[in-house]
Every structure is written in structure tokens, then in C-alpha cells.
There are 4 protein chains.
Amino acid sequence: MIKAKIVGAGGYGGVGITELLLKHPETEIGCLVSLSDTGRKMSDVFPHLRGFCDDVIVSPENPKTKEDYDVVFYSTPDGVGMQTAADELERGAKVIDYSGDFRFGTTEQYAEYANFIGLDPMHKAPALLTETVYGLPELHEIDANQMLVGNPGCFAVSCILGLAPAVNAGIIDTKSIICDCKTGVSGAGKKPSAAFHYPNRYDNMNAYKLAGHQHVVEVEQELSALSDEDVQITFTSQVVPVCRGIMSTLYASLDGQTADDVLEIYREFNQNNLFVRVQDAQTPASIADVRGTNYCVLTVDVDARNNRLRIVSHIDNLMKGQAGNAMQNMNLMFGMDAGTGLAFPGQYP
Amino acid sequence: MIKAKIVGAGGYGGVGITELLLKHPETEIGCLVSLSDTGRKMSDVFPHLRGFCDDVIVSPENPKTKEDYDVVFYSTPDGVGMQTAADELERGAKVIDYSGDFRFGTTEQYAEYANFIGLDPMHKAPALLTETVYGLPELHEIDANQMLVGNPGCFAVSCILGLAPAVNAGIIDTKSIICDCKTGVSGAGKKPSAAFHYPNRYDNMNAYKLAGHQHVVEVEQELSALSDEDVQITFTSQVVPVCRGIMSTLYASLDGQTADDVLEIYREFNQNNLFVRVQDAQTPASIADVRGTNYCVLTVDVDARNNRLRIVSHIDNLMKGQAGNAMQNMNLMFGMDAGTGLAFPGQYP
Amino acid sequence: MIKAKIVGAGGYGGVGITELLLKHPETEIGCLVSLSDTGRKMSDVFPHLRGFCDDVIVSPENPKTKEDYDVVFYSTPDGVGMQTAADELERGAKVIDYSGDFRFGTTEQYAEYANFIGLDPMHKAPALLTETVYGLPELHEIDANQMLVGNPGCFAVSCILGLAPAVNAGIIDTKSIICDCKTGVSGAGKKPSAAFHYPNRYDNMNAYKLAGHQHVVEVEQELSALSDEDVQITFTSQVVPVCRGIMSTLYASLDGQTADDVLEIYREFNQNNLFVRVQDAQTPASIADVRGTNYCVLTVDVDARNNRLRIVSHIDNLMKGQAGNAMQNMNLMFGMDAGTGLAFPGQYP
Amino acid sequence: MIKAKIVGAGGYGGVGITELLLKHPETEIGCLVSLSDTGRKMSDVFPHLRGFCDDVIVSPENPKTKEDYDVVFYSTPDGVGMQTAADELERGAKVIDYSGDFRFGTTEQYAEYANFIGLDPMHKAPALLTETVYGLPELHEIDANQMLVGNPGCFAVSCILGLAPAVNAGIIDTKSIICDCKTGVSGAGKKPSAAFHYPNRYDNMNAYKLAGHQHVVEVEQELSALSDEDVQITFTSQVVPVCRGIMSTLYASLDGQTADDVLEIYREFNQNNLFVRVQDAQTPASIADVRGTNYCVLTVDVDARNNRLRIVSHIDNLMKGQAGNAMQNMNLMFGMDAGTGLAFPGQYP
């Protein structure tokens, strides 16, 4: 059995990977760490886990956190994982970090990201940047040799999966890319705030961070790597009153290709990607199709009048956009199939 | 493997049992029957099942429906199951019916129910009434000899589980029972109607069927059987803007018992009931605790000032209130543990 | 023009009365006071008021708060109004307080309330208790001589309006009263908290404060005053995912009266109550009928099998349950018709 | 008093204008016509209007419909108004039609629209097309001489108001326009359907009509008229789980202008437009700011890295997108100020 430690167990990312580890045939939960809920049972913080995970959450200082685990999930904000990931790796654990700490391969790229969002641009563990990989297995080979992974941002997953086949095939003008992204509220995490107080949110929608969202940096990094150009996107983050789900509508100028041409490119690109479903524009799609699952549904469409590609990318922000994708990475890092314990459908309605 | 046929596959009850059968280690789906979605793939009707259940839904006339199956689920309105259940039983299938057709043990009781809701009071398969059982395994022993089960109504499950221990212990005045029940919208089924059109429902709540809800009859039947009296309840059905979930607040007069007394009675009654969790009034509870699961959470409280029992009963109306309970029955009818393939927690948030 | 000061302008109660004062033909807003939003324009805190109320919110220390106003609304927690109401009255203002400070006529009654909710039982302005009135104009005559009013609690309004006619007529057993109350989330106010964070609230419902809700004291005070008995109710507060609205389902034992008997009693009791609508059980009702308005809709029903009265009481908790009722009181305190500027329908859907 | 007849009174557009007419100081409701709710009181169909509008809805054959009215609102589908508008005009009534029937100035333009959505391309009242005007008063002068107005489509209002200043100023490349539009569910009208059944809609979002939405035609007509070019847009219609509200995010390539440049252009364009509020990107905005009102809030932003204009346009689809805009037209057609009876703020929360 693969023994897991979860740092940040008290948040949505922590409970998400806990649920998945409980379901997985080859894993067990070894240690739950959190600053905020120390001393409480996991099932008191999350009552739906009563009888399934009654472990007590410990503080980062608890000796139990120093024991050996096979895998460590950092479901923590930027700047946390980089402080102790090296220790974990030294103890032989594999590390999957949800934050921006290990999404970039060089200190320069990290500094650009950190500056963009107002963090200290100096990375605390620069030596690890050569060992990490951007954890989107549809773009990067992740296998049993991989010890460290930077799990991608939720918006970034939806945009990159939606644009990579087109950028890779060279069919779009990379200067024309627009990502119009709508997220459910759970993307903002568990901490209460005025913006997500029920009476303010229930019948409402709005754009935010128009000046720049932190996920833009990684989308541009990944798309640039697929083309020979320095891709710069226009990105709009918007929040709507759903709990789980991201729907990103992606636009770019084509060079005459038809919807059929593009469909073929997208299907070929994803032929080995278990969790990506490519659909034509006549097939209805909605975020309910992927709710609670690790799947990404891509609707491929061409506005022929304007010679413009339009992709609608649907994911569950807490699954393919976070814990689900982290488990997919874990599966690959331990030599298992990507879908082990993860290839299940959601519940409806 | 247990091969299942589902009649009424296109509704919420049908897709619910489909999801559970897909997850169960010992079952396979043999045949999906529906009047309304004939000829369509199950996964076209329910896109979240794409790749998991792409079977074509057939009409009741299709020869495939006459093949042998180990179990048949009737997720159909009153009056459907009673027409063909005998044929299924003759072919050796076990039968679980979601409607009122097999919830009553005598033609008289059925007639009372049918009259109550304006149906023909003449049962079409009276001989089967001696073979059926009211399918609430917390009250009735269901084992491998049982061939036919009448799966209970969703409101009834919440009320009976909440009141049975008290009625059984003889601690409440059975003339004083009030069931104030709130259901999510999925309880009304998949068919669109003005009452459940999003703009009319999203920020709204109301009572309905004040003159009498069909589930009253079975609640009274079951509670009367536990006492020596002819129990008559006051029952209020109300709908609130959630998708899944029933919260029933149940009141009855006590004879001086304390909350601790009552808790002990409830815990003892449920000591072998895997899916019933008894909690004191200091432990927070909500329908989110049971969403997507087969569990029932009972909050046990006593209003000492008024010497009154108050139970808050929480279930997922589509699980313990429908398909989950049906699978629990199936497990027992095939000699398996009640929780096989069913004892899993939900997802949060 | 009646010049108004609003203390606590930054909360839901403050913005509610602001909206109503803007609409009222005889009022103007003189001063907006708040601790939390000092220095901001009202329309920056509440952008829907841009162009309608761009006044700057001042702190309680600002000299502007000491000027003369005709009416002062305290939309503040318990214990605030009692500190300065005497000063306001001395300056000639009429005072309407939303909290429990002036809902009780004697220091003993106040102490009972304060003890119930863990406040200091010593009232800070005991002399004013003889001058105040419980501000439910359907029960208490409020006229131009009235200088001070204790505006009632939202749950209390729904319960008292629903039960007063029956208690007054002596047709129910006052020991049998059960109030099963469901409120929308806005009742909890504007301050973010885990319980009302969108992902935790959107598809959820729960009971809370089972040990005792503060509004119980005033319901019992008012109903006791209408009967010759010391009324003690069983009260359940529950929250459902709507923004505005309370639906209280009220039960009590009758002595043989029919639904028609009770309807007549309720209609007669309310014949002069502009904002109370009495309906029979065949007429559909929902909180959407009163959303955004000062109306209370009462569905009158009798469960004849059990000889039990059942009333479903529908209000908007922020209108008839708070600011709307406060304005109704203001109208009467200034000798205007109860409905001046207030008798408007809501918007649908 | 202006006496109004409403054809299609039973739908959302009909009840919307009814609510506004009830509030308006110079209007009275003369006649309510509907095919579906004939013989019922308006307040039985819409209980929130009880006591405010208890008129009986009549069928189109009822003699009352032939009486003289000052204004007739057709809140009806395409093809209805064109059949009888000439009769109304002959009787001296002014006519405001909500459908596409009178949005176009020539039979050719109408045919293009009709073909686009699969209607008969032959207009039934071609003579009236020279008398009508596209009813967006921010673009077209509407005064007391105007007898007939084609009220615009809801999506179209949000897009045209958001783009007109930029197109008019010639600062954007009209070949680069993308309209990413999100609507609340009320935009689909009152008729129940699977797509808007609460359990299918409450936690969901999706794009629809990717092949082409009928409002595209009028957006292109209006923008083309402002430029010298034949504008063709890329338009995406999407639905999110809110009741009221459209948020359209609009993109186009600039020629080096800064956010300040653009803000000035937008403010100047709208200096006399009472119902359009222009805001910079630092000022928070959401559809809650305009809910229940006739206002349009435009957030003006420039993505300087990509030299791209981004406008977020917020309206209430049932107000500025429908009945509110219709009343604004009515006001102008009767020589009143645009804001008469209409310039009120919404309710919050």
C-alpha cells in the first residue's frame, strides 16, 4: 500500500485528495496535517467522512509528520511546499504540490510568476526546479522515475487542454488567443469572505482580477513551449454561482481549417488521454457531465464566418483542476495506470 | 455476476441504480428499459455515463426484456410493476419495485393507499402481496429467501427511521406525532413542470399536498405495526431549493424521558444498522453530510420545557430514499452484506 | 419631510431601510452611521444604490450624528440602542430599534431574554421600558404619540402573525404549539462565516440552535398576553438555501373546529391588517409571493383526522421581518397610513 | 393616464411590463391578453400581484381587446405582432413589440433574420418596416412622433451598449469582435423544459446555439450602421444558474489606445444616457448591481499586453434587456423623460 501524507488537509484540496485516497485500491492515509484544524478529527471537520476517515489532524510540528511516507501532497498556498519538499524527498517520499512552487523549471520563470502575483521572487529551493515537472500528464510524460510534480492551476488545466492541440498543430494565430473562463465558487477555497457569502453570491456573477490572474503565467509557459513563439493570451476570470466546475470558452484565429479538420487534430492529440473527451459542437455538453470526476470535455467548434476556432472546455475545478489531477500524477509516479481508482463517473442529478 | 434489468432507466431512479450497479463488485447491467428514451444510448440521455454505460435503452416490447435476469428494478410509477412482476418472478428474477405496488401486505391496505391517491383500488397481482415485504431493512428482515420487495417512499424512509425507535420503545404518545418534512427538488422526478422551472424554484420554498401525501399511508402502517395502536400522523410536505436531500423534523410528546434516555434507545435500536447514524443535538448535522450516500443521520433532541421529542432525520432522497435503499435490499436478497458496494462517503463540497 | 438617521447602515437591516426611505414620498435620509464602513460612500458599499444614495457613512463619533433628526433607526445588535436611545428621544427624535433592547416592557422580562441568550441581564435604560411597545402593529396600537418602538425579530413576526388569531380566539391548546421555522440565509446578516459560505450552503439545509433561539422569548411573551396562560412553545430554527424568506409551519391542537371556522377567525382578526393575507389551503402559496415586500401570507389549514391546526406563514425576513415592518411602524408613529410608501408588490421571477 | 394593453401577459415579458406600469405615475393597465391563461386573474397566475392587478386575462378574440388603448405591448414570439400591429396603429395606439418583427428596417434585413432562425422570410406587414425603429434609445432618437418600435433582444442590448462607443469612435478592428455572453435562466422564458428543470440547472452551466443565435443579426446590423463596414461578430451564448442577469464580455483589437483613452470615449458617448453607467476596471461590478433595474453597467478595460479592448457589460435581461427598455421607449414615445417611473434602484441582497 502507498502511504500518503496530506499537508493542508483541512481545505478543499485536502479533503478532495482524502476522498480519492479512500477510494483508491492501493493507497492508505498515513498522516493529515493542517495549521487550522489541529487536534480535530478529519470527520469532525468534514462530517461526510464519519466512519471513513476519523484520523486526528496534526500540526506541522507533530513528530508523526516526520515519519516515512510514500507520497506527500501539499495542498497549500504558494511558498509552503518549497520550504520542506527537499526534506520529504530526502526521506524517500514522492512529492506533489498544488501551488505554483514547482510549476516552473527555472528560477527566472518562477520569479516572473512570483512578481506577477506579488510574492518574493526568490525561490527557496532552486535546486529542485530542475527535478520538477509541470504536472499535466496530457502534455508531459510522468513516470515512475518522477519524484516531484507541480500540480497545475485549475483555470490553467482548462485552458491548456483546450488549446494545446491547436497550438501544437500550428493552426492558430497565437497572438489572437482569448480565454474567457467561468469558475464555480469552490475555486476560491474554504475560507469565508464577503464575495462568497451566500446572499451576495447566489444570484450573481462577475469578472475579477481583470488586471491579471496568476494562472496566466503557466498557460503562456505551456503554450509557448508547444509553439516556437512567445505566446501572450488575453485571459478573463469570472465567477458564477455553481459550486464545482470551470467552463472556459477559448477563441483564436484559424487559417481556413474546418470544424472537421480541427476535430481530427483534437482527437488525434488526445487518443491516449483517458481523461479528455473530444466532442463536436452538435453534442450537448455542460459542466454537469464532468461534475465530481477527473474528466475534461472539449467541445470543438469553428465559426466559419469569421474563420475562428472556438473551444468550450469543461472540467471539475476540484478534480481535473486539482485533487483528481494530483491523483492521476500519483498513479503515474508509482507506475500505475493513470486511471487507477480515478476513472469513475459522477452522480446525476 | 448478478445481472440486472432496470425498468424506467430514463428517470432519476433509473440512473441512480445504474450508477450504483456500475460501482458494485458483483453486478452487471443486462438491460435498460424505458418508454421515453427508447433507442437512445443511456450515455446520450445521461452524458456523465459516457464510456461507463453506453447501452441502448430498449422499449418494453423488445425481446431483450424477456431474457433472464437475476434482479429486476422497477423504477416506475404506481401500477406498472404489478402488471409484470409475476412474469419476472416466474423467470427466476428477484424483483425490487420503487412504487407503492408492493409496499402493502394485504389488498385492503393497498386499496386504502390507492384510494388515498386516487388510483384504482383493485390490485392487479394480489397473490404477490403475501410474498412481498416493505423494503426497509432496518425494520424488516430481508434475506436470500426474499424474492419480492416494495422499496419505500423517500419521505417515509426519513420519518420511519426517525420515529421507529421511539414508537417501538413506547416512549411517545402516538397521537401527538407531527412530521414536518422538507425535500429537495429531485424528489419530484425528471419531468419538467412549472413548479420546478428554475426561475420559479431557485429562491423559493412552499408546502404542498396539504390535503394528504401518499407516503402518509406507509408511515402509519409501519408505525402502527410497531405499537399496538392505530397511529395517525400529521404530515407536511415542503419543497426547498436543493437538488438532493430530505430533512424531516419529527415531533411527539414524551413521558418525562431525557435526551440521554432517548439517545440510548435510538443507539440500541440502530446498533446493527450500518446506514443509520445517531447523533446528539450538540453535534452539527446537515443534509450535506449524507448527500450522495445511503446514510441516514438522526439528530436526537428533547425539548425538556415541553416534554417533547424532536428528531431531525437527514437522508439523500435519491439514495437512502430510493436507489441506495434498493441496492441495500438487493444486497440482502442475494445474501451479501448490506453495505456491499454501497458503504461509501459522499463528495464535499 | 421626515429626516432619518440610520445607525448600522452598512448591514442588511441598514440598506433595507435605506432602500425604503428612498422610495417613501415623505422621507429623506439625513445621516448614515456605521462602525465598519466609515468614510465610504453608501453606494460604494452597496453599488446598486449608485446615483440614489451616495452619502458618506460616518462613525458614531462624527458631529453629524448629533444633529436633529425626526426618526432614528437602530439596525444594530442587542445592547447598542439602549445606550443612546434616551439621547435621541431627548433631541426629539422618534426611535425604532431592531434588536431585543426595546421589545420587552419590564426589566424582568428583559432579564429573562438576556439570560436566555447570554447577555448582561441588566438593562442600560430601564426607564425607557415603560415607554416602548413591541412593534408589531397587527397586535399593538401604534400611533403618533409613540416615541419608541422595539421592532420584532423576523422568526417572531412569522410565528406571532400565524398564531395570534387562534390564541386570541381561544381555539387551540396553548401547550401543544410547535413552530417549525425555515429561514433564508440573509437572516444571518452580512458577516461572512463558514456556515454561509456559498459552497457549504448552496445545496444544503440544517437545523440550528436546537437548545433555544432568542426569538422564542418574544413569541411566548406575545402569545401569553393574548391568552390567560403562560404559553411555552417548541421552536425549531432551520436554514435553507434561499436568500430572502421565512416559511414557518405552525401546529397546535384544536377542539373540533373546521378549516372554515378557523378561516373565519383569521379573516376577522386581520380585516384591518393591510399587510396580512389570509388564504385557504387550496390556494397555492410560496415565499416568492412575498419576496421583496412587506406582506405576510397565511395559509390556514386543519388536519381534521388529528384535530390539529396547521398554519403556514410566509414573510420576507428582511421586509415584514425587519426593515419593512420598521417602516410600517414609522408610518404609524408619524400619523400616516401603515402602507405609505410600503404597499408595493415584488418582482417576479 | 396612458392606457395600456399587454399582449402575452402571462409570460415573463408580460408580467415585467405589468409590474412597471403599476409603478408608473402616468399609466394604467387597460387590457391583459394571453392565449394560455385566458379567464384567470392576473394575480392568480402571478400571486405576488394579488391586490395590485386582479384583472382577468382575456383571449385575443375577446371584444375588450378591440377597444382603444394608448399603447400596446406585444410580449409575444416572432410573427405575432406583425399580424395585428397595423390594426392597433390604425386605432391610434402606439405599438412596442418585443420580438424580431419590427427590429429591421427593410424586408431584406428581415428576411436575413428570418432565414437565420428558420422562419418564413416573408414579412406580413412590410409597409410598417419604414415606420419602425430599432428600440435602443441610446442609439436611436425616439420621440413623441414615433408610433412603432421594435424592442431589442436581451443579448443584443448588452453587446450593442458595450461595443457601440468603440465602433462609433473607430478605435477597434471590427473584424476582431468576440461577444462571450452569459445569461440567467429567465431569458429562456416561462415555459418549463428539461434544460431549465431545477435539478438539471442548479449547479450547471453550458454554451448553446453555437451554430448561431438569433440576436447576432441585430447586433451586426447596429454595429455596421455605426461603422462603414459590414461587421461580423463571433458570438457565444451561455447559460448560468442565476435567474436574472446578462454579463457579456466583449473583446476587440485596439490600435494602441489606453484604458483612459477608451474610458473617455465611453463616458462621452453615454453622457446623456441615464441608464448606462461607465466604470473603470478597478471599480467592482456584478449583475447584482443592476438586478431588478433598467441600468446597464459597463466595465471598461484594456489588456495593454495584447492591445485589446475588453468590456464587461451587465444588465438585467428582463429589464434593460426587455420590459424596462420597453417602458423607456414608451416614455420617449409619449414625450416623457426616459426615466419616468423607471429610474429606481434594485433591492439587495
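The values are calculated or read from the model by the stated rules, or taken from the named source; none is laboratory data. For clarity, every value in this text was computed on a predicted model and none was experimentally measured. Cβ coordinates were reconstructed from backbone atoms using ideal geometry, including for glycine residues, and neighbour counts include every protein chain displayed. Accessible surface is based on the protein model in full, side chains and every heavy atom, while ligands, DNA and RNA are left aside. Shrake-Rupley method; radii C 1.70, N 1.55, O 1.52, S 1.80 Å.
Is it the case, given these coordinates, that A:ASP255 is at negative phi, modelled with pLDDT under 95 and open to solvent by 10 Å² or more (accessible area, probe 1.4 Å)? Judged against the criteria, A:ASP255 is a match. Take the conditions open to solvent by 60 Å² or more (accessible area, probe 1.4 Å) and of a type in the set (S, T, N, Q) and apply them to A:SER36. Does it pass? Taking the combined requirement at face value, the residue satisfies it. Screening segment B:2-25 for residues that are touching an Asp or Glu at 6+ places or on another chain (Cβ under 8 Å) and farther than 13 Å from B:MET330 by Cα and picking the one that is surrounded by the most Cβ atoms within 10 Å (Cβ to Cβ) gives B:ALA9.
The residues of segment B:155-191 that are within 14 Å of another protein chain (Cβ to nearest Cβ), of a type in the set (Gly, Ala, Ser) and in a loop (DSSP other than H, G, I, E, B), listed by number, are B:GLY184, B:GLY189.
Quick check on A:PHE269: is it open to solvent by 10 Å² or more (accessible area, probe 1.4 Å), in contact (Cβ under 8 Å) with a residue 12 or more places away in the chain and away from chain D (no Cβ under 14 Å)? Yes: the conditions hold for A:PHE269. Selection over segment A:1-53 of residues that are farther than 22 Å from A:ASN317 by Cβ, hydroxyl-bearing (Ser, Thr, Tyr) and not in a strand (DSSP E or B) gives a count of 2. If the condition is being within 8 Å of another protein chain (Cβ to nearest Cβ) and open to solvent by 20 Å² or more (accessible area, probe 1.4 Å), then segment B:192-201 contributes B:PRO192, B:SER193, B:ALA194, B:PHE196, B:ASN200. Would you say C:ALA211 is within 8 Å of another protein chain (Cβ to nearest Cβ), open to solvent by 40 Å² or more (accessible area, probe 1.4 Å) and under 23 Å from B:SER313 (Cβ atoms)? Judged against the criteria, C:ALA211 is a match.
Checked against the criteria, C:ASP180 does not count as at pLDDT 95 or above and surrounded by fewer than 20 Cβ atoms within 10 Å (Cβ to Cβ). Among the numbered criteria (1) farther than 22 Å from B:VAL290 by Cβ; (2) in contact with a helix residue (DSSP H, G or I) (Cβ under 6 Å, 6 or more places away or on another chain), which one does A:SER59 miss? A:SER59 satisfies every listed condition except (2). Kindly indicate whether D:MET42 is more than 14 Å from chain C (Cβ to nearest Cβ) and open to solvent by less than 50 Å² (accessible area, probe 1.4 Å). No: the conditions fail for D:MET42. Annotation note: Cβ proximity below 7 Å between a residue of segment B:321-349 that is free of Cβ contacts under 8 Å to residues at least 24 places away in the same chain and a residue that is open to solvent by 10 Å² or more (accessible area, probe 1.4 Å) (sequence gap 6+ or interchain) occurs for B:ASN331/B:ASP337; B:ASN331/B:ALA338; B:ASN331/B:THR340.
Candidates A:VAL278, A:VAL262: the one that is away from chain D (no Cβ under 13 Å) and either open to solvent by less than 10 Å² (accessible area, probe 1.4 Å) or among the aromatic types (Phe, Trp, Tyr) (or both) is A:VAL262.
Among the residues of segment C:296-315, those that are within 11 Å of chain B (Cβ to nearest Cβ) and closer than 24 Å to C:HIS215 by Cβ comprise C:VAL297, C:THR299, C:VAL300, C:ASP301, C:ARG308, C:LEU309, C:ARG310, C:ILE311, C:VAL312, C:SER313, C:HIS314. Given (1) touching a residue at least 12 places away in the same chain (Cβ under 8 Å); (2) surrounded by fewer than 24 Cβ atoms within 10 Å (Cβ to Cβ), identify the lone condition not met by C:VAL290. Against the list (1) touching a residue at least 12 places away in the same chain (Cβ under 8 Å); (2) surrounded by fewer than 24 Cβ atoms within 10 Å (Cβ to Cβ), C:VAL290 comes up short only on (2). All of (1) open to solvent by 30 Å² or more (accessible area, probe 1.4 Å); (2) more than 7 Å from every other protein chain (Cβ to nearest Cβ); (3) more than 20 Å from the chain's Cα centre (by Cα); (4) not basic (Lys, Arg) hold for C:ASP337 with one exception: (3).
Quick check on my filter: what residues within segment A:144-154 are outside any helix (DSSP H, G or I) and either under 27 Å from A:ALA207 (Cβ atoms) or in contact with a strand residue (DSSP E or B) (Cβ under 7 Å, 6 or more places away or on another chain) (or both)? A:MET147, A:LEU148, A:VAL149, A:GLY150, A:ASN151, A:PRO152, A:GLY153 - these are the residues of segment A:144-154 that are outside any helix (DSSP H, G or I) and either under 27 Å from A:ALA207 (Cβ atoms) or in contact with a strand residue (DSSP E or B) (Cβ under 7 Å, 6 or more places away or on another chain) (or both). Only one entry of D:GLU141, D:GLU108 meets the criterion of being free of Cβ contacts under 8 Å to residues at least 60 places away in the same chain, open to solvent by 10 Å² or more (accessible area, probe 1.4 Å), more than 30 Å from A:ILE311 (Cβ to Cβ) and assigned to a helix (DSSP H, G or I), and that entry is D:GLU108. For segment C:218-227, the count of residues that are part of a helix (DSSP H, G or I), under 30 Å from D:ASP44 (Cβ atoms) and open to solvent by 50 Å² or more (accessible area, probe 1.4 Å) is zero.
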